[in-house]
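No lab work stands behind these numbers, since they all come straight from the coordinates. Because the structure is a prediction, the values reported are computed rather than measured. Methodologically, a virtual Cβ is constructed for each residue, glycine included, from the backbone with ideal geometry; neighbour enumeration extends over all protein chains shown.
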Ligand SMILES: [Zn+2]
Ligand SMILES: [Zn+2]
């Protein structure tokens, strides 16, 4: 006798929060879906690296998984940032053999990010040690006696690093890509769809729907990292009004307690360029390679093309940012309408005669002797390594030059050290690339660049989900898991959301390792 309606109730889904719980980095969610047939499928949404903001050993945090990777059937990746993809090679190294799903641009960018991460873990030729610190992992954290449940190193050397190039090579063979809005069946009755998160190129919200006979029974959504409206290059985050059967949301809260200033970064950039130019100086911009460097180039090109600042060479001296720029240029289908219009009516803001790419170390060295004016963009964004250090050594002690910060500077980085000294007004005496120096260049900061939604944007995104779902008796409140934020940011957002939708929404900020039933 057919029992389809009864059997439909037997499927279940649960989630374990394996990272980015009451902290920003290490995004990783482990999900177990039991189909009505009784078969259980296991999958991850993201497997990111813990990077900053932990009081405990980051090496141990990154090594210690809360599940057996061999049992994983699939991986859903939201976007290419290291705090979302950085631990995938660890899973592959320890036996995960399934598919890694992503958008096409995310696959391309993840390849760049992971090879760079593996490279950062290679021995430092100067001291034969490992320099995991470039990933934000303190060398003192390395624990040769590490013994975690699922940690089986390939060789004794692997005890000193999380993975190597070979692991990344293998990881990249596992990808399967999907366009936005192209729903696919991950497991029987469980469907996945990527939608534009407007955070960085290829970034996605993930909609998971359980379907029976083609009809949606229940849904959940992961925000991944949520972007800001009006960012250059990419489209705004999608607002979803069609998720009628939504029961659960996992949302990031990086800026859950903050509102972004309205001032345009382009205007600030204009002021700083003019001031430096008038002093006869050079402008040095340490920048993250993914997205931020391309955004800065976009604005610089526009300012020079529109004669708002004098035209001068813009040197891009970051092998990783150069590769990311290529990926950006290869995906015009992901551009927002504004950029498409600009390309159509004027010219491409990422292609410019004054933009000079410095590929080799020799190219990089060659500009040190060049006189002002010029603008230099180089990694790393927090001055904790990369080609920017040599440029800072050569140019940092001249007051006519400007050192401009365009991104977050984490505790323990040279960037943060310089900013902290600058704020106190003390002489900025620091060690740059093993040499003592005093920074006399002018320090400037632009805080208006942000890839993350602020509180108002997150509230708007959630509100539309709440207002457009079918409110059912069995599930009157939308359960919202607030993750990817410091405790205070998540807490503030939870209070705000509850205030906004007192009877329709149930916010909660899970802790590390917590397992919760989604559907039963
Ligand atoms: Zn991100
Ligand atoms: Zn993130």
So, relative contact order of region 265-445 in percent, Cα under 8 Å, 6 or more apart, is 30 percent
Rounded to the nearest 10 degrees, the helix 292-305 long axis (Cα) sits at an angle to the longest Cα principal axis of the chain of 50 degrees
Extension length gain for residue 495 and residue 343 (0.36 nm per residue less Cα distance), in nm, is 50.4 nm
Using alpha carbon centers only, region 486-520 is separated from region 204-232 by a whole-angstrom value of 18 Å
Once residue 472 and residue 259 are pulled to full extension, the length gained, defined as 0.36 nm per residue separation minus their Cα-Cα distance, is 73.4 nm
In degrees, nearest 10, the alpha-carbon axis of helix 319-330 is tilted away from the dominant principal axis of the alpha carbons of the chain by 60 degrees
At the level of C-alpha centres, the distance separating region 63-88 and region 241-297, in angstrom, is 27 Å
In degrees rounded to 10, the 0-90 angle between helix 455-468 Cα long axis and the longest Cα principal axis of the chain is 20 degrees
Eigenvalues of the alpha-carbon gyration tensor of the chain, times 5 and square-rooted, give semi-axes in Å, largest first, of 41, 27, 21
Length gained if residue 212 through residue 362 is fully extended, taking 0.36 nm per residue and subtracting the Cα-Cα distance, is 47.9 nm
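Give the relative contact order (percent, whole number) for the chain; include only Cα pairs under 8 Å separated by 6+ residues.
About 18 percent, as a whole number.
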With a Förster distance of 22 angstrom and the Cβ-Cβ distance between residue 244 and residue 517, calculated FRET efficiency to the nearest 0.05 equals 0.55
With Rh as the Kirkwood radius over Cα pairs, region 389-469 has Rg/Rh of 1.24
Given 340-352, 165-177, the highest-first ranking by average Cβ count within 10 Å works out to 165-177, 340-352
Quick calc, residue 10 & residue 271: beta-carbon distance into FRET formula, R0 41 Å, rounding 0.05, result 0.05
The orientation-averaged projected area of the Cα convex hull of region 293-438, in nm², is 9.9 nm²
Expressed in angstrom, Rg and Dmax over the Cα atoms of region 304-349 are 12.8, 32
